[in-house]
1. Among the residues of segment 132-143, write down those that are open to solvent by 40 Å² or more (accessible area, probe 1.4 Å) and either touching a Gly at 6+ places or on another chain (Cβ under 6 Å) or farther than 19 Å from Gln111 by Cα (or both).
2. Which pairs turn up if I take residues in segment 223-236 that are modelled with pLDDT of 85 or more and look for partners that are open to solvent by 40 Å² or more (accessible area, probe 1.4 Å) with beta carbon separation below 6 Å, at least 6 apart in sequence or on another chain?
3. Within the group Val114, Val108, Val118, Val172, which residue is over 28 Å from Asp254 (Cα atoms), within 33 Å of the chain's Cα centre (by Cα) and of a type in the set (Val, Ile, Thr)?
4. Test each condition in (1) touching a Leu at 6+ places or on another chain (Cβ under 8 Å); (2) in contact (Cβ under 8 Å) with a residue 60 or more places away in the chain; (3) of a type in the set (A, V, I, L, M, F, W, C) for Cys156 and report the one that comes out false.
5. Find the residue count for segment 193-208, including only residues that are in contact (Cβ under 8 Å) with a residue 60 or more places away in the chain and either part of a helix (DSSP H, G or I) or not hydroxyl-bearing (Ser, Thr, Tyr) (or both).
6. Within segment 226-239, identify whether any single residue is in contact with a Leu (Cβ under 6 Å, 6 or more places away or on another chain), in a loop (DSSP other than H, G, I, E, B) and open to solvent by less than 50 Å² (accessible area, probe 1.4 Å), and answer yes or no.
7. So is Leu243 over 23 Å from Glu152 (Cβ atoms), outside any loop (DSSP other than H, G, I, E, B) and at pLDDT 90 or above or not?
Amino acid sequence: MAANGDRLRALKELGNMRRAGLVVLLLLDLCLQPVRGYLSSEQHIPNYVQDVPQARSTATPAAAAVKVQMTSTTSYSSQCPSRGLCSKLPPACMTCNTSTSCRYGKLVTFQCSVNQTVHCVDESGQPQKTFPFRMKCQFCWQLPPYQYRCSESTSCMTVSCPRKRYNANCSVLDHVHCLGNRKFHKMLYCNWTGGYKWSTALALSITLGGFGADRFYLGQWREGLGKLFSFGGLGIWTLIDVLLIGVGYVGPADGSLYI
């Protein structure tokens, strides 16, 4: 009987060790997920391309000026349709005598002239060099968001209260007409994602939240260790995290949004 009891205890201890080993392997896999994602990205790859020394220019100032003029002329002439309507030209193909004294949001007519090497016609097919152009009176920074493009930031916290903003560099689309500078700064809300799924975080919080798996997945390894060694705060911390992750209050450690 004593031998059978020792055998049963040994089998039970072996089963407990297997279950503990599986939990440890699962936690290690969750901890290594951000590392694998970083290694698979292009951010950690250094740039080994060396700068090639440029040959010293021997051109005279006059030749350099001609070259710059030809380059600028080619840059905007390639964007301008030939023999098209003058009223359909993009801003890079014309120069207008604008005024900021117009009434915001109202249509206003400005006198414009086409740039060099640009040829356009009116509605009757006659070539034009100067023509009236109608546009809406608004500055470029007052345009709706779909008419300009802004730079994105991956260093600001998107999950915060109140929501944080960042200073973005914006530029107007080529075909849009507006007043003022076509490149401007604008304060935008932080809105980027690091690839973390809300459903995965919630599932880990419900099933393995007592071991800190949800915090490890979100990159919050300090809180994960606290939950692991306190058995989820005796269950209280686990229930609180389920609620906080469920409503989206607790997010990834890098400050990104869920996908």
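The values are calculated or read from the model by the stated rules, or taken from the named source; none is laboratory data. Computed from a prediction, not measured in an experiment: that's the story for all the values here. No Cβ is skipped: glycine too gets one built from the backbone with ideal geometry, and neighbour counts run over all protein chains shown. When the accessible area is computed, the model is the full protein with side chains, heavy atoms only, and any ligands, DNA or RNA have been set aside. Shrake-Rupley method; radii C 1.70, N 1.55, O 1.52, S 1.80 Å.
1. Within segment 132-143, the first condition is being open to solvent by 40 Å² or more (accessible area, probe 1.4 Å), and the residues that meet it are 132, 134, 136, 139, 141-142.
Correct list: Phe139, Trp141, Gln142.
2. Listed pairs, sorted by first residue: Lys227/Trp237; Leu228/Phe211.
3. On the way: Val114 fails: within 33 Å of the chain's Cα centre (by Cα); Val108 fails: within 33 Å of the chain's Cα centre (by Cα); Val118 fails: within 33 Å of the chain's Cα centre (by Cα).
Sole residue among the options that is over 28 Å from Asp254 (Cα atoms), within 33 Å of the chain's Cα centre (by Cα) and of a type in the set (Val, Ile, Thr): Val172.
4. Result: Cys156 passes all but (1).
5. Number satisfying all stated conditions: 6.
6. Kept after step one, since they are in contact with a Leu (Cβ under 6 Å, 6 or more places away or on another chain), are these residues of segment 226-239: none.
Scanning segment 226-239 turns up no residue that is in contact with a Leu (Cβ under 6 Å, 6 or more places away or on another chain), in a loop (DSSP other than H, G, I, E, B) and open to solvent by less than 50 Å² (accessible area, probe 1.4 Å).
7. Numbers: over 23 Å from Glu152 (Cβ atoms): yes; outside any loop (DSSP other than H, G, I, E, B): yes; at pLDDT 90 or above: yes.
Spelling it out, Leu243 is indeed over 23 Å from Glu152 (Cβ atoms), outside any loop (DSSP other than H, G, I, E, B) and at pLDDT 90 or above.
Residue-by-condition table, conditions (1) surrounded by 13 or more Cβ atoms within 10 Å (Cβ to Cβ); (2) not in a helix (DSSP H, G or I):
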residue: Met187; (1), (2): no, yes
residue: Asn191; (1), (2): yes, yes
residue: Gly210; (1), (2): yes, no
residue: Phe216; (1), (2): yes, no
